[in-house]
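> Take this structure, written in structure tokens, and hold onto it; I'll ask about it next.
The values are calculated or read from the model by the stated rules, or taken from the named source; none is laboratory data. The structure displayed is predicted, hence computed values, not measured ones. Positions of Cβ are backbone-derived with ideal geometry, glycine not excepted, and every protein chain shown enters the neighbour counts.
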Amino acid sequence: MGGGPISPSSKLIPGAPLTLRRATIDDLDDITWICVNGSPDDPGTDYRFPYRDKYPEDFWKWTRIEHEELFERPDKLVILVVTAPVLDNGEVIHQPVSYGVWDLKVTSDFIPGDHGINERRDVNKKHMEAYAKALPAGLKKYFKQFGSEQIPLWEVVTHPGFRRRGAASMICEWGQKEADKDGKSLSLLATPMGKGLYSKLGYHVLGSVVVQVEGEEERVVVDAMVKHNNMSAILGIYEISQVL
């Protein structure tokens, strides 16, 4: 559709195949729509944005800005969308229903904005700060050892109305094909919702990253997962670990 969410009158076309393609900036509203509707399953969303239902305009605005930043680094990031054929007012349109972000240049830094932490009303500021501190530390702890010989998956989100149709698997398969070109490993931080899929695809858990404000019981736990695609790389990492 390229301009936002599907209308209430739109109808799914049963059994119609999904299509994977590169996203463009014209997909930004659709990506925002997918994220706003699909990310609440992630415990980190409630943890960081507990007031998003009260201030939906803030949640939409800053989610959009966050993803707009990704399009500024085409040298580093590949943004994919999966589209589904939808009948809208008698016309078949190809509506983006899932998106994913792969990092093909892991050694190149990406410095995001502050995502409105000091002005948006939908956040728990302490939780957002804890998240911003814990995740980079976890990435460094578990994945630095792989250096440039990895392709990290930053994000995969599918709209709830289009799940269990293989959209996320298509995005993961794209990364697998890239990794197969030169035997790179695939790395990611998995939420409880996504862990099952990644395990089925051959990823294994290296450890956990805990996000928690000191003195609070509430916390979020994500798993650092990796899939190796080159035996020599695995042996090399093992040899390095024996020396360190």
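> Given the conditions (1) more than 21 Å from residue 108 (Cβ to Cβ); (2) of a type outside the set (Ser, Thr, Tyr); (3) surrounded by fewer than 16 Cβ atoms within 10 Å (Cβ to Cβ); (4) at pLDDT below 95, and given that residue 43 satisfies all but one, which numbered condition is not satisfied?
Only one criterion in (1) more than 21 Å from residue 108 (Cβ to Cβ); (2) of a type outside the set (Ser, Thr, Tyr); (3) surrounded by fewer than 16 Cβ atoms within 10 Å (Cβ to Cβ); (4) at pLDDT below 95 is unmet by residue 43, namely (3).
> Working only within the range 104-127, note down all residues that are farther than 23 Å from residue 28 by Cα and surrounded by fewer than 20 Cβ atoms within 10 Å (Cβ to Cβ).
107, 108, 118, 124, 125, 126, listed by residue number.
> Take the range 110-142 and flag every residue that is free of Cβ contacts under 8 Å to residues at least 40 places away in the same chain, more than 29 Å from residue 170 (Cβ to Cβ) and not in a helix (DSSP H, G or I).
Passing the criteria: 111, 114, 117, 118, 119.
> Return the residues of the range 205-224 that are under 18 Å from residue 144 (Cβ atoms) and out of contact with any Gly (no Cβ under 9 Å at 6 or more places or on another chain); say none if nothing qualifies.
Those that are under 18 Å from residue 144 (Cβ atoms) and out of contact with any Gly (no Cβ under 9 Å at 6 or more places or on another chain): 205, 206.
> Report whether or not residue 101 is in contact (Cβ under 8 Å) with a residue 60 or more places away in the chain, in contact with an Asp or Glu (Cβ under 7 Å, 6 or more places away or on another chain), surrounded by 16 or more Cβ atoms within 10 Å (Cβ to Cβ) and of a type outside the set (Phe, Trp, Tyr).
It is false that residue 101 is in contact (Cβ under 8 Å) with a residue 60 or more places away in the chain, in contact with an Asp or Glu (Cβ under 7 Å, 6 or more places away or on another chain), surrounded by 16 or more Cβ atoms within 10 Å (Cβ to Cβ) and of a type outside the set (Phe, Trp, Tyr).
> Quick one: how many residues across the range 156-184 are polar (S, T, N, Q) and surrounded by fewer than 21 Cβ atoms within 10 Å (Cβ to Cβ)?
Residues flagged as polar (S, T, N, Q) and surrounded by fewer than 21 Cβ atoms within 10 Å (Cβ to Cβ) within the range 156-184 amount to 2.
> Looking at the range 15-37, I want the residues that are among the polar types (S, T, N, Q) and have a partner that is modelled with pLDDT of 95 or more and assigned to a helix (DSSP H, G or I) with Cβ atoms under 7 Å, at least 6 apart or on another chain. Which pairs are those?
So the pair list comes out as 32/60; 32/63; 32/64; 32/67.
> Same structure again: Which one is surrounded by the most Cβ atoms within 10 Å (Cβ to Cβ), of the residues in the range 143-155 that are touching a residue at least 40 places away in the same chain (Cβ under 8 Å) and over 14 Å from residue 100 (Cα atoms)?
150
> Also: Within the range 1-105, considering only strands (runs of 3 or more DSSP E) that don't extend past its boundaries, which have at least 2 residues that are out of contact with any Gly (no Cβ under 7 Å at 6 or more places or on another chain) and hydrophobic (A, V, I, L, M, F, W, C)?
77-88, 91-103
> Are any residues in the range 97-128 under 19 Å from the mean Cα position of the chain (by Cα), among the charged types (D, E, K, R) and modelled with pLDDT under 95, and if so, which ones?
The answer is 105, 109, 114.
> Here is a follow-up. Do we find that residue 161 is under 18 Å from residue 38 (Cβ atoms), small (Gly, Ala, Ser), touching an Asp or Glu at 6+ places or on another chain (Cβ under 7 Å) and touching a residue at least 24 places away in the same chain (Cβ under 8 Å) in this structure?
Details: under 18 Å from residue 38 (Cβ atoms): yes; small (Gly, Ala, Ser): yes; touching an Asp or Glu at 6+ places or on another chain (Cβ under 7 Å): no; touching a residue at least 24 places away in the same chain (Cβ under 8 Å): yes.
When the stated conditions are applied, residue 161 does not pass them.
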